[in-house]
Amino acid sequence: MPDIYAVFGNPVAHSKSPLIHAAFARQTGQDMTYSALLAPLDGFRESVAEFRKDGASGANVTVPFKEQAYALATRHTPRALAAGAANTLKFEVDGILGDNTDGAGLVRDLIVNLGVVIAGKRILLMGAGGAARGVIQPLLDQQPAQLFIVNRTPEKAIDLACAFAAGGVRGGGYAELSGEFDVVINATAASLANDLPPLPDSIFAPDALAYDMMYGRDTPFLAFARAHGARAADGLGMLVEQAAEAFNLWRGVRPDTATVIRSLREG
Ligand code: NDP
């Protein structure tokens, strides 16, 4: 019997995770299945319980259930604790381990795939939702010179910065933005609505990277970045890298991600 995994979300039909994990399993010779499962908005806990009862080994969790997945876990990795949200669950004999691989996925995409140095650099993180929260500690672990969180609702950015005050993180609204940044990460949902948060024209340092966590199409943010001389990257690499981290947690083997990213881009 193959080991059983799935991604839970609502909506979830668009998810590329089944494709990615199938590619990882083929590549590493793992005997497993991985499907996309729609959980009712008010029935996440029950859906996961049923899946586990049916003999599943673990699950990924996407919007809007990452906080509920965190609450469901009986044990957490340090990075899940820092994020307060879980995107990966590992079913164990005596409980559920909750992990959050989003931040590690982003950092690996930046450093390994895009050749970006984070250490000593000025980082601007746009957004103060679940995606932003999940990447703060892994970014801080790389010791940037500065990490500023900017959000449409400034209070949320300030609250989030306070939670990571030990790392010297600051937060505020777009009106308070000044100076240049070496890496600007869009962790807002603005691109989903074809919107561009109000960034100053002078936000990008020379050779800056603009990173949009969204993937699948060009966004106003990436177009703005290119128009202002920055290098632009979408979130497809992060998606594949966070999946590889989850795969490694479940299977104890790290798949090669470059070939999978390439084949997804070629579509
Ligand atoms: P949330 O709903 O938790 O947070 C949304 C954030 O976006 C909030 O800070 C919100 O501000 C801000 N926002 C929404 N609309 C606008 C706008 N028009 N202008 C400015 N700010 C806006 O979403 P998530 O954090 O879960 O996800 C954010 C994005 O990251 C999504 O596009 C998601 O697909 C992507 N993502 C990609 C991943 C990958 O692997 N590539 C992994 C995880 C997420 P406010 O607080 O004021 O409402």
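The values are calculated or read from the model by the stated rules, or taken from the named source; none is laboratory data. Just so you know, these numbers come straight off a predicted model, no measurement behind them. No Cβ is skipped: glycine too gets one built from the backbone with ideal geometry, and neighbour counts run over all protein chains shown. Just so you know, the surface numbers come from the protein's heavy atoms only, side chains and all, with ligands and any DNA or RNA stripped out. Shrake-Rupley method; radii C 1.70, N 1.55, O 1.52, S 1.80 Å.
Identification of strands (runs of 3 or more DSSP E) wholly contained in region 39-141 with 1 or more residues that are open to solvent by 50 Å² or more (accessible area, probe 1.4 Å) and more than 16 Å from the ligand (Cβ to nearest atom) yields 88-92, 122-126.
Looking across region 179-194, the residues that are at pLDDT 95 or above and open to solvent by 10 Å² or more (accessible area, probe 1.4 Å) come down to Gly179, Glu180, Asp182, Ala187, Thr188, Ala190, Asn194. Summed over region 225-251, the residues that are more than 11 Å from the ligand (Cβ to nearest atom), touching a residue at least 12 places away in the same chain (Cβ under 8 Å) and out of contact with any strand residue (DSSP E or B) (no Cβ under 8 Å at 6 or more places or on another chain) give a count of 2. Answer yes or no: is there a residue in region 195-210 that is open to solvent by 10 Å² or more (accessible area, probe 1.4 Å), charged (D, E, K, R), at pLDDT 95 or above and touching a His at 6+ places or on another chain (Cβ under 8 Å). Yes, region 195-210 contains at least one residue that is open to solvent by 10 Å² or more (accessible area, probe 1.4 Å), charged (D, E, K, R), at pLDDT 95 or above and touching a His at 6+ places or on another chain (Cβ under 8 Å).
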